[in-house]
């Protein structure tokens, strides 16, 4: 949560909420988990009820949703205000999210959505979109919301540093119109039909991402990644860019499945194998970081993914300058019911 986003939300409060300080407003903050700041203080008021909403428990989360696009935990027409910042870019099907926002807002309720229009890739756990004003206006219209304002910071602002300016934030402010009863029933009925009968999306691929050391840093901009389908073993090879050090080497996973098996992990330098783990004991030198959890297994490294930042760290190895470095992996992602399946 960068300062420009906080300032945009403070501006929204001044323009649309401060005149309602004495009202008992219910404010939902979608994607509220506090990694490096939140809107809670910006929206603090004794008369208002702030509810942090997210898909996983954590700091600043009051309510955990079980489904990203069907919020059974929230009643229709229950919120006066919904805010969301730095969430839509990570949401695969954000138009369905906007439909749920429209559903939970009361007639006359307002939303403020902030998302970047530019900036580098930053997966939490995925990074799917950048949004312009016309895109925000279109998705609001899709959800039958009235656009009050939609704009983008097109130029760098001198009062902010590069960490703020690189995102060129877009902001949408929209209101749920007061519709006649007939139209409200129509929308409610079609919303129910969609939730009840529309097939959901297929499972997303698992992403394995290798972070080489370049210039003494590990940066997502320098990372290499591949995707693989679930339940079957997949052999993948990463060839690190020239000048990349072989260690410390970090490997991340992004997966809709809670378990990733590593059947083999081999590091080759100029054709010579410097590190090779291919059995349960051989994986002992690999350190788990972030929110990864090691599960017991005699044959391979079994990793339980409990959040959005599971990491594997390889042991330190010496790589000669200018050497060609390759990382070879044998991987499988699966759900808990596959836990008893052995490696073939």
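With respect to the conditions (1) out of contact with any strand residue (DSSP E or B) (no Cβ under 6 Å at 6 or more places or on another chain); (2) more than 19 Å from residue 168 (Cα to Cα); (3) in contact (Cβ under 8 Å) with a residue 24 or more places away in the chain, residue 121 lacks only one, and its number is (2). Filtered by the rule that a residue be out of contact with any strand residue (DSSP E or B) (no Cβ under 8 Å at 6 or more places or on another chain), surrounded by 14 or more Cβ atoms within 10 Å (Cβ to Cβ) and within 20 Å of residue 87 (Cβ to Cβ), the stretch 144-164 gives a lone residue, 164. Being under 30 Å from residue 183 (Cα atoms), at pLDDT 95 or above and more than 23 Å from the chain's Cα centre (by Cα) is a property that residue 49 has. Look at (1) farther than 27 Å from residue 126 by Cβ; (2) part of a strand (DSSP E or B); (3) touching a helix residue (DSSP H, G or I) at 6+ places or on another chain (Cβ under 9 Å) and you find that residue 294 fails only one, number (1).
Residues in the stretch 187-244 that are at pLDDT 85 or above, under 21 Å from residue 93 (Cβ atoms) and in a loop (DSSP other than H, G, I, E, B): 3 in all.
Do we find that residue 248 is assigned to a strand (DSSP E or B) and in the same structural domain as residue 321 (by TED's automatic domain parsing) in this structure? Write out each step before concluding.
Details: assigned to a strand (DSSP E or B): yes; in the same structural domain as residue 321 (by TED's automatic domain parsing): yes.
Yes: the conditions hold for residue 248.
The single condition among (1) surrounded by 14 or more Cβ atoms within 10 Å (Cβ to Cβ); (2) more than 15 Å from residue 249 (Cβ to Cβ); (3) at pLDDT 85 or above that residue 309 does not meet is (3). None of 315, 242, 321, 256 is closer than 25 Å to residue 126 by Cβ and surrounded by fewer than 17 Cβ atoms within 10 Å (Cβ to Cβ) except 256.
The values are calculated or read from the model by the stated rules, or taken from the named source; none is laboratory data. All values reported here derive from a predicted model rather than from experimental measurement. Here Cβ is always computed from backbone atoms with ideal geometry, including for glycine, and neighbour counts include all displayed protein chains.
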